[in-house]
Amino acid sequence: MPHYHKLGKVPSKRHIVFKKPEGGIYAEQVVSTEGFADLYSITYHLYPPTRVLKIDEPRSVKPEVALEDNMQHRSFKGFEIRPKDDYLESRKAVLVNNDVHLSLAAPRSSMKDYFFKNSSADEMIFIHKGEGTLKTMYGKLPFKYGDHLIIPRGTIYQMEFDSTDNRLFIMESFSPIRFPKRYMNKAGQLLEHSPFYERDIRKPEALETIDEQGDFLIYIKRDGMIYPYHYASHPFDLIGWDGYHFPYALSIHDFEPITGRIHQPPPIHQTFEGRNFVTCAFVPRLYDYHPEAIPAPYHHSNVDSDEVLYYVDGDFMSRNNIEKGQITLHPIGIAHGPHPGAIERSIGKKETQELAVMVDTFKPLKITKAALEIEDKDYYKSWME
């Protein structure tokens, strides 16, 4: 969970008159989660956020599932997803279940003609290539290579890219994305053994109050449908806000690895968690330092989880022939482990420069048509000598 943040002007107390200098009062909005039982923010608008001009016909963006039941190791070449100009059109779901949707995207253009709000899911957008600014009513949040952007559900946003060469790995979570409980004390402060700290968390800055009226198109996603809403005022019309519910960024490069004398289990790499999933960051680090240590991981059977690895950069020490942007899926019930020769190669090595993002789901993932179009169909044979 992020901590309290405030930008702009807010009144001295909640739910009291907050007068505009020219007369009238600002429109107060409470953006709350789990009813009124969890994180929330209070926002102050120039205009009420309820002025809808019209609603166009909704359209379906539900993933096209090609394989409901999977019992095979699979790999997908993520950089074979073709770039598209439009941000939303570029998002291609590849692995899905009722808890998360994992997507790849290669947008060439910034969002200029519309805004987007995911009202069903928190989003984690991992920036593999590109940089720019996430614009929301909470302020501006610059992003670059290696950033995890955490965008809580209900946040209206635009992605502004600095170039046309962008690659994103996106997780939609249908439960709140949180820091691991074991990293925090009772007050929510990150503890000393956490691999990242509050100083590493970047919050929105440079609140811009946009006083514009007209026709502003917001695509609202809910339950696999996009609803085109036209509002009478710009959604970024905040004079100020405060609270705990807002987007933030955490760079994979600010994750401090935990190491040991012998091979440490994947939970030491954990970044976030939610209902029936965890995420991890594999980063450059020193290898194990027992004199007879085997730095490569042991063979492993996922009794309770599907394991997804998204390869970002570097030479992933346990794999052969891995490309940037590649995804591997090791499902529940089948052993996986180092590729032939990886164990021997790792012995005596002092460090790794690998970068990868992992998502472990505790319910099986379904495979979409878009995923099968970029699949390395012989991957399951890659452990043969």
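The values are calculated or read from the model by the stated rules, or taken from the named source; none is laboratory data. Fair warning: this is a prediction, and the values are worked out from it, not measured in the lab. Note: ideal-geometry Cβ built from the backbone for every residue, glycine included; neighbour counts use all protein chains shown. Note: accessible area is taken over every heavy atom of the protein model, side chains too, but ligands, DNA and RNA are not part of it. Shrake-Rupley method; radii C 1.70, N 1.55, O 1.52, S 1.80 Å.
Please give the strands (runs of 3 or more DSSP E) falling wholly within region 245-288 in which 1 or more residues are more than 20 Å from G146 (Cα to Cα) and either out of contact with any Cys (no Cβ under 8 Å at 6 or more places or on another chain) or modelled with pLDDT of 95 or more (or both).
The qualifying strands (runs of 3 or more DSSP E) are 270-274, 277-282.
Return the residues of region 41-81 that are under 22 Å from V31 (Cα atoms) and open to solvent by less than 30 Å² (accessible area, probe 1.4 Å); say none if nothing qualifies.
S41, I42, T43, Y44, H45, L46
Condition test on Y227, is it assigned to a strand (DSSP E or B), under 21 Å from V31 (Cβ atoms), open to solvent by 40 Å² or more (accessible area, probe 1.4 Å) and at pLDDT 95 or above?
yes
So P295 passes all but one of these: (1) within 24 Å of N98 (Cβ to Cβ); (2) open to solvent by less than 10 Å² (accessible area, probe 1.4 Å). Which condition number does it fail?
(1)
Among residues belonging to region 100-117 that are open to solvent by 10 Å² or more (accessible area, probe 1.4 Å) and under 25 Å from K369 (Cβ atoms), point out the one that is nearest to the chain's Cα centre (by Cα).
Checked region 100-117; the qualifying residue nearest to the chain's Cα centre (by Cα) is H101.
Kindly provide the set of residues from region 269-292 that are aliphatic (A, V, I, L, M) and surrounded by fewer than 21 Cβ atoms within 10 Å (Cβ to Cβ), ordered by number.
V278, L286
Residues in region 323-340 that are under 19 Å from D360 (Cβ atoms) and buried (at least 19 other Cβ atoms within 10 Å of the Cβ): how many?
Qualifying residue count for the region: 8.
Among the residues in region 165-175, are any within 27 Å of V283 (Cα to Cα), part of a strand (DSSP E or B) and open to solvent by 50 Å² or more (accessible area, probe 1.4 Å)?
No, region 165-175 contains no residue that is within 27 Å of V283 (Cα to Cα), part of a strand (DSSP E or B) and open to solvent by 50 Å² or more (accessible area, probe 1.4 Å).
Surrounded by 19 or more Cβ atoms within 10 Å (Cβ to Cβ) and more than 27 Å from H290 (Cα to Cα): which single residue out of Y380, Y311 fits that description?
Y311
Within region 291-300, is even one residue within 24 Å of E344 (Cα to Cα) and of a type in the set (G, A, S)?
Yes, region 291-300 contains at least one residue that is within 24 Å of E344 (Cα to Cα) and of a type in the set (G, A, S).
Free of Cβ contacts under 8 Å to residues at least 40 places away in the same chain, open to solvent by less than 40 Å² (accessible area, probe 1.4 Å), in a loop (DSSP other than H, G, I, E, B) and in contact with a strand residue (DSSP E or B) (Cβ under 8 Å, 6 or more places away or on another chain), is that true of S194?
Taking the combined requirement at face value, the residue satisfies it.
Go through the residues of region 206-223 one by one and say whether even a single one is part of a strand (DSSP E or B), open to solvent by less than 20 Å² (accessible area, probe 1.4 Å) and more than 23 Å from L46 (Cβ to Cβ).
no
Is it the case that region 327-339 has a residue that's in a strand (DSSP E or B), free of Cβ contacts under 8 Å to residues at least 60 places away in the same chain and over 19 Å from H128 (Cα atoms)?
yes
Going by the structure shown, is E160 of a type in the set (D, E) and free of Cβ contacts under 8 Å to residues at least 40 places away in the same chain?
no
Can you pull out the residues in region 243-259 that are of a type outside the set (A, V, I, L, M) and either farther than 26 Å from L207 by Cα or surrounded by fewer than 18 Cβ atoms within 10 Å (Cβ to Cβ) (or both)?
If the condition is that a residue be of a type outside the set (A, V, I, L, M) and either farther than 26 Å from L207 by Cα or surrounded by fewer than 18 Cβ atoms within 10 Å (Cβ to Cβ) (or both), then Y244, H253, F255, E256, P257, T259 are the ones that fit.
Evaluate region 75-94: report whether one residue or more is farther than 27 Å from Y379 by Cα and among the small types (G, A, S).
No, that holds for no residue.
Which ones in region 342-377 are open to solvent by 10 Å² or more (accessible area, probe 1.4 Å), at pLDDT below 95 and more than 28 Å from I177 (Cα to Cα)?
Within region 342-377, I343, E344, R345, I347, G348, K349, K350, E351 qualify.
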